[in-house]
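Novice: This structure is in C-alpha cells; I'll ask about it shortly.
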Amino acid sequence: MDDTTSTTDTKPDNKTLTVNTNERSKVNNKKGGGRIDDSDEEEYDAEAWNTLSKSFKQVQTVLDNNRSLIERVNDNHLSRIPDNMSKNVELIREINGNISKVVSIYSDLSANFCNIVSQRRRRMGMNSGHAEGSED
C-alpha cells in the first residue's frame, strides 16, 4: 500500500508548489534504528517556509512604502516649490530609515534560517548517531 500524498499550495507570487510526502518513516540503517519521521521533516520545512514568507512580506511592505515615498520626493522636486522641496528632507530620512529596516529584517531572516537548518542537521545527526551506536 502506498502512503504517498500530494499537497498543492499557491504562494503569493502565484506560483504553485506541489509537494509529495510519504507518510512512512525513513530508515537510516539496515537495523531499522535512527528513524526520522516525515512529520518532523515537514515541521522543519514548514517552519523554514513560514520564516521566509513572513520576512519577505515584511520587506515587501517596507519597499512598497519606500516606493510611495520616492514618488512623493520626485513630485516635490518637480514642483520646484520651496516648501515642497523642504519636505523632501524628512521624506528622504524616512526612506533611509526604511532601508535600515530592510537590512535588519534580512539579517534576522538569515540568523533564523541558519538556526532552523542547524536544528534540523543536529536532529538528523542525533538520529543517525543513535542508529550507529546501536550496532553491536
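Novice: Looking at D13, D40, D3 in this structure, which one is modelled with pLDDT of 50 or more and of a type in the set (D, E)?
Specialist: D40
Novice: Looking only at segment 77-110, count every residue that is hydrophobic (A, V, I, L, M, F, W, C) and under 16 Å from Q58 (Cα atoms) and tell me the total.
Specialist: Number satisfying all stated conditions: 6.
Novice: Sticking with this structure for a sec: Given the structure, is V89 modelled with pLDDT of 95 or more, assigned to a helix (DSSP H, G or I) and surrounded by 13 or more Cβ atoms within 10 Å (Cβ to Cβ)?
Specialist: Spelling it out, it is not the case that V89 is modelled with pLDDT of 95 or more, assigned to a helix (DSSP H, G or I) and surrounded by 13 or more Cβ atoms within 10 Å (Cβ to Cβ).
For every residue, the table says whether it meets (1) over 30 Å from E42 (Cα atoms); (2) among the polar types (S, T, N, Q).
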{"position": "R80", "(1), (2)": "yes, no"}
{"position": "V89", "(1), (2)": "yes, no"}
{"position": "R93", "(1), (2)": "yes, no"}
{"position": "V103", "(1), (2)": "no, no"}
{"position": "S110", "(1), (2)": "no, yes"}
{"position": "C114", "(1), (2)": "no, no"}
{"position": "M126", "(1), (2)": "no, no"}
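The values are calculated or read from the model by the stated rules, or taken from the named source; none is laboratory data. On a predicted model such as this, the values are computed, not experimentally measured, just so you know. Note that we place each Cβ from the backbone using ideal geometry, even for glycine, and neighbour counts take in every protein chain shown.
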